[in-house]
Each structure stands twice: as C-alpha cells, then as structure tokens.
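Novice: Dropping a structure here in structure tokens format, bear with me for questions.
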Amino acid sequence: MYIMYVDDSGVPDLNDNSPFYVISGVIIHESNMDQMKNMVDQFKDQNFKSNYINAEIHTHDIYKSRKEFDGITLQEKYNLLNELYALINALPITVISVGIDKIRSKTEMPHWDVFKAAWTFLIERFDSFIDDNNCSINKGIVRIDKSCKIQETTTMELVNHLRKNGSYYQKIKHIIEEPQFLDSHRRRGLQLADATAYCTIRNLTQSTKFQPYWNIVENKLRRSRNGQVSGYGLKIFPS
C-alpha cells in the first residue's frame, strides 16, 4: 500500500493576485511508515525547543517567523530549514508537485477551475506512480491536511469521480478508498507535504533563498524511466 500525504500552498482562486497555486503529495510505502515517523520525531526532538517545542512543522511559519516561531533568530530559522530539508532528503519518499500558473490561466482560460485541475493532475500522477511500482500488489490511499485550504466536500466528490470514471486522459485504477482528512499535528507525512508544497511555490516565484532546498525536493520528485521530471513529478500548467 502506498500512502500519499497532501497539502497545498497559495490560493486556488484566479481572482486572487498571487501568481501560483501549488498542491504537493508526499508518497511513502506502508513498509516505511515506522522509519518515517521515527526520523521526523528525531528531527523535532533535536531541533524544536523553547516556544515551538510542541509546534507542527509549518514551513511558512518558520520562514516568516510567525505563530510559535515568532522571535526566532535568523540563524535559528535557517538551521531549522537546513535540518528540515536534510530530513526530507534522507527519507524514503517520492514527491509529486502540481503548480498552476494563475497569471497565464487568468489570461488564457479565465473560467477555468484551478482547484479541480490541480487535483486531477495530482491524482493522475499518483495512480501512474503506483502503476510503475508493482501495481499488482500495491494500491493507494490519499490523506489530506484538514486545516489547509483544500475544500473537503469538493475534494471528496472530485477524487471519488476520478476513481469511478477516470480523467480525460487516463483511468484511475489503484486508489482504493475515499480521501481521508486528518489533523496534521498527528500525521508527520502531512507536515512533510507542507514543506514540499511551500518549497515548490517558492521555487516557482524564483526565491533564491529556497534554491538549495528546492534542489533537495527536486531530487525526490517522481521520474520517468529515463529520468524525466517534467510532467511526471512536477506538473506546471499552463506550461
């Protein structure tokens, strides 16, 4: 069984002025779950202290020194980010990120449903990932951060429609259950999805400070058999 933890970054609304909306999935096989949990717990034990000792991994809050991370020094902030993305580099995970260029979409397809398209692209690629990894014995489930901007009812209907009918381009054969909406503070995988989604959107907005972290996330992206990332682990639309 493969589990994909999903979180987003940005706003899925063409009327919002932000340039991108990103949704990311962190995929892990159930056989590696204990390893992932232990490694995330070790990271937090070694790096979280003071006001944020019991905080979740929220990359935006770390980078902007917000909420529990209010008042951290510049050195503390980058130490946390360095250790966080070193953790992601070491984990047995695969990442899929979908980025919607809202500026181009607003010009070229102003009535387009950003949210629906982003989820369709993500589910297609998760199903294809399972297809590439011994689909005869592996299936997939999707777990989503219930506190993020992802619309629970809409997502449930969309994913179930894809499971039943497929997308315009492919059948969805390996996702066996309805998506599960969970509290991120109890699910380490959701906190990792937060880190990959935020890093992806920072890369798309050309943040030089996140370039070293993006190099790590990019190395974790799903690839084709010949090593291609574009369209496989990273889908930017329109491209």
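Any read-out appearing in this document is the output of simple, stated calculations on the displayed coordinates, not a laboratory observation. Note that the structure is predicted; figures quoted are calculated from it, not measured. A quick note on method: Cβ atoms are made from the backbone with ideal geometry, for glycine too, and the neighbour counts reach across all protein chains shown.
Novice: Return the single residue from I57, I28, I103 with maximal mean-square fluctuation; model: Gaussian network over the chain, springs between Cα atoms under 10 Å.
Specialist: Checking each option, the largest mean-square fluctuation is seen for I103.
Novice: Kindly provide the helix-only [θ] at 222 nm of the chain, computed as the sum of -39,500 (n - 2.57) over DSSP H runs of four or more divided by all residues, to the nearest 500 deg cm²/dmol?
Specialist: Values: 8 runs with 105 residues, N = 239.
Dividing the helical sum by the residues of the chain leaves -14000 deg cm²/dmol.
Novice: Hey, another quick one. Could you check the spin-label model distance between N219 and I53? Points 7 Å from the Cα along Cα→Cβ, value in nm.
Specialist: 3.3 nm
Novice: Oh, and also: Treat the range 1-114 as a sphere of radius equal to its Kirkwood radius over Cα pairs and apply Stokes-Einstein at 37 °C in a medium of 0.692 mPa s; give the translational diffusion coefficient in µm²/s, rounded to a whole number.
Specialist: Result for D is 202 µm²/s.
Novice: Using the reciprocal of the averaged 1/r over all distinct C-alpha pairs, how large is the Kirkwood radius of the chain in Å?
Specialist: Kirkwood hydrodynamic radius for the chain: 18.1 Å.
Novice: Alpha carbon centre of the range 82-120 versus the range 1-43: separation in Å?
Specialist: 10 Å
Novice: Pick from N226, N32, N82: which residue has the top mean-square fluctuation in a GNM of the chain where Cα pairs under 10 Å get a spring?
Specialist: Its mean-square fluctuation being the largest, the pick is N226.
Novice: Let me ask something else. Using the structure shown, list the pairs from K102/K146; K102/K173; K116/K171; K146/K209 with a Cα-Cα distance above 19 Å, or answer none. Write out the running numbers ahead of the final one.
Specialist: Numbers: K102/K146 24 Å; K102/K173 30 Å; K116/K171 17 Å; K146/K209 29 Å.
The answer is K102/K146; K102/K173; K146/K209.
Novice: Same structure again: Can you work out the Karplus-derived ³J(HN,Hα) for every residue in the range 34-46? Use 6.51 cos²θ - 1.76 cosθ + 1.60 with θ = phi - 60°, whole Hz, and x for glycine or proline.
Specialist: 4, 4, 4, 4, 5, 5, 5, 4, 5, 4, 5, 4, 8
Novice: Right, next: Would you list D127, D34, D113, D101 from fewest to most Cβ contacts within 10 Å?
Specialist: Numbers: D127 22, D34 9, D113 15, D101 18.
Lowest count first: D34, D113, D101, D127.
Novice: Aspartates and glutamates near K77 by alpha-carbon distance under 19 Å, same-chain residues fewer than 8 away left out - which ones?
Specialist: D41, D45, E56, D61, E68, D194
Novice: Starting from the Kirkwood Rh over alpha-carbon pairs, what translational D in µm² s⁻¹ does the range 102-178 have by Stokes-Einstein at 25 °C and 0.890 mPa s?
Specialist: Numbers: Rh = 13.6 Å.
For the chosen part, D equals 181 µm²/s.
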